[in-house]
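Written out below as C-alpha cells is the structure these notes cover.
The numbers here are math on the coordinates, done by the rules we state, and not lab data. Model, not experiment: these values are computed from the prediction. Neighbour counts run over all protein chains shown; Cβ positions are idealised from the backbone, glycine included.
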Amino acid sequence: MTNYAPPDSDTPLRAVVLNGSPSASSRTRVLLDALQARLAQVLPLDTRFIDLPDLVPHIGTALSAQHLPAPAQDTLRQIGNADLLIVGSPVFK
C-alpha cells in the first residue's frame, strides 16, 4: 500500500485521472475534469491526466508490460505510484 499525506497536509496527493473513452473530448472526460476540479478544492492534488486515445498507439501490440514502449511504461508507473486514481469509462447502449 502506498503511503500518502493526510488531507490536511500541504503535501499534495499524487492523483491520476484515467479517461477510458475512445474520444479525448468526450462527456466522460468532462465529468472526470469536473470531479478532479471539485476534489482539488478540498485536497492538495498533483494531478496527471491520461486519455486512452493518447495511450492506444503505445499498447496496441504488447502482450505484457515488459514489451511496452517507454511512454506506456511511464504511464503504468504513474498509475502504480498514484495516491488517488480516478477512472472514467463510457457506457455504450
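With r as the distance between the Cβ atoms of Gln66 and Ala37 and R0 = 35 Å, compute the FRET efficiency 1/(1 + (r/R0)^6) and round to 0.05.
Values: r = 36 Å, r/R0 = 1.03.
Efficiency at R0 = 35 Å is approximately 0.45.
When a/c is below 1.5 the answer is rounded, else prolate if a/b is larger than b/c, else oblate, so apply that to the range 27-73 with a ≥ b ≥ c taken from the square roots of the Cα gyration tensor eigenvalues.
Working: a/c = 4.46, a/b = 2.21, b/c = 2.02.
The shape class here is prolate.
What chymotrypsin sites (Phe, Trp or Tyr not before Pro) does the chain have in DSSP loop regions with at most 14 other beta carbons within 10 Å? Numbers along the way, then the final one.
Working: sites: Tyr4, Phe49, Phe92; in loops: Tyr4, Phe92.
Of the chymotrypsin sites (Phe, Trp or Tyr not before Pro), the ones in loops of the chain whose Cβ has at most 14 other Cβ atoms within 10 Å are Tyr4, Phe92.
Which one, Ala37, Pro90, Thr11, projects farthest toward the positive side of the charge dipole computed for the chain from Cβ point charges (K/R +1, D/E -1)?
Selected residue: Pro90.
Could you calculate the FRET efficiency of Arg27 with Asn81 from 1/(1 + (r/R0)^6), where r is the beta carbon distance between them and R0 is 35 Å, rounded to 0.05?
On the way: r = 28 Å, r/R0 = 0.81.
Step by step, r from the Cβ atoms, then E = 0.80.
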